[in-house]
1. Where does helix 61-74 land angle-wise versus the long Cα axis of the chain, in degrees 0 to 90, nearest 10?
2. Quote the charge dipole size of the chain about the Cα centre in Debye, to the nearest 20; the model charges only the Cβ of Lys and Arg (+1) and of Asp and Glu (-1).
3. Taking the Cα atoms of the chain alone, what are Rg (to one decimal) and Dmax (as a whole number) in Å?
4. Place a point 7 Å from Cα of Glu123 in the direction of its Cβ. Which residues in the stretch 83-105 have their backbone N less than 13 Å from it?
5. Would you mind counting up the charge near Met69? Only other residues with Cβ under 9 Å from its Cβ, with Lys and Arg at +1 and Asp and Glu at -1.
6. Number of Lys pairs in the chain with C-alpha atoms less than 15 angstrom apart, excluding same-chain neighbours closer than eight positions?
7. So how far apart, in nm, are the two label points at Thr86 and Asp23 if each is 7 Å from Cα heading toward Cβ?
8. Distance between Cα centroids, the stretch 2-31 to the stretch 80-117: provide it in whole Å.
Amino acid sequence: MALYSEKVMDHFRNPRNVGVLEDANGVGEVGNAKCGDIMKIYLKVEDGVIADVKFETFGCGSAIASSSMATELIKGKPLSDALTLTNQAVTEALDGLPAHKIHCSVLAEEAIKRAVLDYYKREGIEYDKDLFKDVECDHDAD
């Protein structure tokens, strides 16, 4: 059995939504010191919908594939869908990841949630702090 699925290889070789959104109104960045992966997600939200999303990822093939798939899963969807996206959904959409690479899908989930949180803060939108307790940094606090 191959280590990586065809979908993982496709999203690694041909990542979708790569780049920077200069007019992003939500940006989330996460990193994993243990593996060295860094992800940055840019959101352009219009009328509560993710009109555009881009990412920059420095990391392994699983990190790039996870970023690519995660952006595909939320693009064009209501912002609320981004908040319910789980790392399990990213992993399943990629037809699986090796156990030692699951943390890459976790990073993608966290980067998206941080981008949504950034959007809420920039726009002055009230939010449930419990939704972000796992991704809000001390320096992010009001």
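1. Approximately 50 degrees, to the nearest ten.
2. Taking the Cα centre of the chain as origin, the dipole is about 500 debye.
3. Values for the chain (Cα only, Rg and Dmax): 14.3, 49 Å.
4. Taking a point 7 Å out along Cα→Cβ of Glu123, the residues of the stretch 83-105 whose backbone N falls under 13 Å are 83.
5. It works out to a net charge of +1.
6. The number of close lysine pairs in the chain is 19.
7. Once both label points are built, they end up 3.6 nm from each other.
8. Cα centres, the stretch 2-31 to the stretch 80-117: 11 Å.
Values in this text are rule-based calculations from the coordinates and carry no lab data. Here the structure is a predicted model, which means the values were calculated and not measured. Note: ideal-geometry Cβ built from the backbone for every residue, glycine included; neighbour counts use all protein chains shown.
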